[in-house]
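Comments concern the structure below.
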């Protein structure tokens, strides 16, 4: 419980937790669109591409103020996205190749610039390379306020253009037909994603930032089929991962914040894919098993029905052994017969013989018609 | 004069570039470019654990152990995609940052025991490679990483040469390959294994992220220049080598990271090709569109003239001034088209009246038949 107390009293921890939570909320919400639109890896390209922007912003202004560096990062990330869009539209180069080239070449240019800055005589680059992995512990109040302001603005825009962005994500062709400016909306949504990524660079760094876009939304997707609910759940999961990552990294020795947040996110994704109702793996297993059992029991009922059709009286009793043979691939018919008896569909007549009840006969008749027999 | 160190560094970067470009070409063609990004990050925990065991970044055991992590990543992505809970790109985007994070945490926690720097793993620096010598019986045979990368490059070249036909078929028509019994899945995994081995061997020189530039950039550049697989492999090897050498000197000039400069040069060659490639380049496409406009307009003109030729209204219809009305062309445009058509010897002009040449008539008839 001490840790909760610290969350309120320890300044550094509080800043890191608040910063990470803000980041989780913003990237969780906007990552939802990226994941739904099949652009999960665009975030990876944008965050890597931000590196030269940070270096150029520093070279131009000589300032290490977060807002200046963020502006540079955003400009570079945005440029990278436009390049990806236009090259894939004008040449035969495929989307995945263009993502790979953009992220690695921009990163390479950024690295050249960073080392160039570093090796100049007045080397004052300290702080720039923290953008590689982020340095959450260095977050101060002003940083958190900047993150919250930018992220909040992005979320407000998302809400204002809710209907349009939804249309863009699910049926852009239809949107174009009814006269929505789909291309401009695409650029708007990309811009929002760029903002979400840029505010996270200081905390988790360019390398791991893409996980903050993909993971919360991938986890959120499992719990719902509705866009609005998914945005809220993803944001919440992102925040949970952010705060728990911050707490874990501050209580355990040598746990860097960025990777710890990503690992927390990984745990949340794992829980989601296992436990989420309907889509979750465990749920699906249970449902499959239940269906298989129902089908097995119905098969025995239908066998008894088929045997009955050979006689003048469809409720004529039959030997258990015959039913056993007929359903031999799924083992003995007895457990199924017992279940059917409980449901009042069959009745035991004599020691080893079974017959359909009136109710069982009606059900079997209906099933046969449903299956087009 | 170049120093011996400079020559050795360039040799190493050239070998790295060639070793990456060969399997990378297939990633480009198979639309799996981002797999290289995923693998190059996900091998980090493998490298850390391998290093923990061997204390030697060039040890074959480490390379094998880390390559296994790479292949496991590919499998994990496939398993996740098969659950149908994620799209493939989301699965990739989930798996590699998590594995990479595990690697970073391992390094941070065992920092005292593992002399491995996260920055180095991420960024790589070929400038240090010549310090690690390959010495047999007191004889210095050169930098060790040159031999390691050389072996990996040779492995890649032999694999591609040996399975060229199978790779080609599995890449361009996986269905047919499966039908003919070539087991495209086996080829897929073999390729992924090579990518992993290459990424592990190269990370020390160029780092996890720039490996992607060397794998995808040359292949994509070659893809803009040719439609033949053999040529594509050749061109991408050349682009890789050119990036390595020019990158080295760019870094030398700026006193900056060699790996970063190599990636920058990959970007430079790709961008240049993007603009200038003869058939698939953006300028060629623009010119083609422009020319098509002229060709189309000329055809329109000849058909129009042919339609009215020899009829009573020809005197009225087949005049430049009338084109504006009938084909709704701007008058300047109409004049330029007529000029063009005259140059191409398709029409003759008497005052404002236009008459088809035999060649013009042929073009019109041919166009009508074609369309």
**Q.** Virtual spin-label span in nm between residue A:6 and residue B:324, 7 Å along Cα→Cβ
**A.** 8.4
Q | Nearest 10 degrees, 0 to 90: helix B:282-308 Cα axis against chain B principal axis | A | 20
Q. What's the center-to-center distance, using Cα atoms, between region B:336-359 and region A:313-368 in Å?
A. 92
Q: Kindly state, to the nearest 0.05, the FRET efficiency for residue A:353 paired with residue B:81, given R0 = 60 Å and r defined as their beta-carbon distance.
A: 0.70
(Q) Using Cα-Cα distances under 8 Å and only pairs 6 or more residues apart, what relative contact order does chain A have, in percent? (A) 21
Q.
Need one number: the % of Cα-Cα pairs in the protein assembly as shown sitting beyond the 48 Å mark.
A. 36
Q. Angle between the Cα long axis of helix B:331-343 and the longest principal axis of chain B, 0 to 90 degrees, nearest 10?
A. 90
Q | Between region B:193-240 and region A:82-119, the alpha-carbon center distance in angstrom | A | 15
Q.
Need one number for region B:4-280: average projected area of the convex hull over its C-alpha atoms, nm².
A. 16.1
**Q.** Rg over Rh [alpha-carbon atoms, Kirkwood Rh] for region B:283-370
**A.** 0.97
**Q.** For chain A: span of alpha carbons on each principal axis (Å, largest first)
**A.** 103, 57, 35
(Q) Over chain B, with a Gaussian network built from C-alpha contacts below 10 Å, which listed residue (B:158, B:85, B:327) shows the highest mean-square fluctuation? (A) B:327
Q) Taking springs between alpha-carbon atoms closer than 10 angstrom, which of B:252, B:188, B:322 fluctuates most in the Gaussian network model of chain B? A) B:322
Q: For chain A, find the longest principal axis of its Cα atoms and tell me its angle to the long axis of helix A:257-275, 0 to 90°, nearest 10.
A: 10
Q. To the nearest 0.05, what FRET efficiency results for residue B:2 and residue B:139 with a Förster distance of 25 Å applied to their C-beta separation?
A. 0.60
Q: With the Cα gyration tensor of region A:185-250 in hand, give its eigenvalues times 5 under a square root as the equivalent ellipsoid semi-axes, listed largest first in whole angstrom.
A: 20, 18, 8
Q | Sum of -39500 (n - 2.57) over DSSP H runs of 4+, divided by residues of chain B (222 nm, nearest 500) | A | -25500 deg cm²/dmol
Q) What 222 nm value per residue comes from the helices of chain A, counting each DSSP H run with n ≥ 4 as -39,500 (n - 2.57) and dividing by all residues, nearest 500 deg cm²/dmol? A) -25500 deg cm²/dmol
Q: Name the most mobile residue of A:115, A:224, A:357, meaning the one with the largest mean-square fluctuation, in a Gaussian network model of chain A with Cα contacts below 10 Å.
A: A:357
(Q) Taking 8 Å as the Cα distance limit and 6 or more residues as the minimum spacing, I'd like the relative contact order of chain B as a percentage. (A) 20
Q: Pop the C-beta distance of residue B:254 and residue B:164 into the FRET formula with R0 = 45 Å and round what comes out to the nearest 0.05.
A: 0.65
Q: Kindly put A:319, B:358 in sequence by how many other C-beta atoms sit within 10 Å of each C-beta, fewest to most.
A: B:358, A:319
Q.
Sequence gap at least 6, Cα distance under 8 Å: using those rules, report the relative contact order of region B:283-370 to the nearest whole percent.
A. 32
Q. Mind listing the Cα extents of region B:172-293 along all three principal axes, in Å, largest one first?
A. 54, 51, 19
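Each value in this text was obtained by applying a stated rule to the coordinates, not by laboratory testing. Because the structure is predicted, anything quoted here is derived from the model rather than measured. Cβ: placed from backbone, ideal geometry, glycine included. Neighbour counts: every protein chain shown.
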